[in-house]
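Q: Sharing a structure below in structure tokens format, with a few things to ask.
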Amino acid sequence: MAFRFESLQVWQIALDLDDRINLLTKSFPKEEIYVLTSQIKRAADSVVLNIAEGSTGQTKAVFKVFLSYALRSAIEVVSCLFIAKKRGFTNDEQFNTLYNEYETLVKMITALKNSF
């Protein structure tokens, strides 16, 4: 692996969840493309990107800052999931699965951040 972030389990899980959010948004109404669809996709992308950016040759203090950004973006994804559920764009099973997996991801990001 050429880049440090590739070996981080937290990054791998974030990348998998990012892909699943992308698939979920394909079923959102077209009128949401520049609203909720865009917002949740950018937030999910941000989790992955901030973990990667923070891990590459930075100090631990800088990595912690980027992990904080990733954490905030993960919380944003969860908030968007609530909006999607409220608007009827996702069913309870999809919501609960992604909610639980993002809860686990948030705990992992927090644990990694606290380990420094």
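All of the numbers you see were taken from the coordinates with simple rules; none came from a lab. Predicted, not measured: the structure shown is a model, and the values here were computed from it. Note that each Cβ is placed from the backbone with ideal geometry, even for glycine, and that neighbours are counted across all protein chains shown.
Q: Can you sort Ile40, Ile21, Ile33 so the residue with the fewest Cβ neighbours within 10 Å comes first?
A: Fewest-to-most ranking of Ile40, Ile21, Ile33: Ile33, Ile21, Ile40.
Q: Report, to the nearest 10°, how far helix 9-25 tilts away from the longest principal axis of the Cα atoms in the chain, using its own Cα long axis and a range of 0 to 90°.
A: Helix 9-25 sits at roughly 20 degrees to that axis.
Q: For segment 1-82, which trypsin sites (Lys or Arg not before Pro) are in a loop by DSSP, counting at most 14 other Cβ atoms within 10 Å?
A: Answer in residue order: Lys26.
Q: Stretch Asn114-Asp19 to full length: gain in nm at 0.36 nm per residue minus the Cα-Cα span?
A: Stretched out fully, the Asn114 to Asp19 stretch lengthens by 31.5 nm.
Q: Where does segment 4-114 land on Rg(C-alpha)/(2.2 N^0.38 Å)?
A: 1.06
Q: Same structure, new question: Please report the spacing between the Cα centers of segment 1-27 and segment 52-72 in Å, no decimals.
A: Each part reduced to its Cα centre gives a spacing of 16 Å.
Q: If I stretch the segment between Ser38 and Ala2 completely, what's the gain in nm (0.36 nm per residue apart, minus their alpha carbon distance), one decimal?
A: 9.9 nm
Q: I'd like the Karplus ³J(HN,Hα) series for segment 47-58: coefficients 6.51, -1.76, 1.60, θ = phi - 60°, whole numbers in Hz, and an x wherever there's a Gly or Pro.
A: These are the phi-based 3J(HN,Hα) values: 4, 4, 5, 5, 4, 5, 4, x, 7, 8, x, 8 Hz.
Q: For the residues Ser55, Ser68, what sequence is obtained by ranking on other C-beta atoms within 10 Å, fewest first?
A: Ser68, Ser55
Q: Run the numbers on segment 2-115 and let me know its relative contact order in percent, using alpha-carbon pairs under 8 Å that are six or more apart.
A: Rounded, it is 29 percent for segment 2-115.
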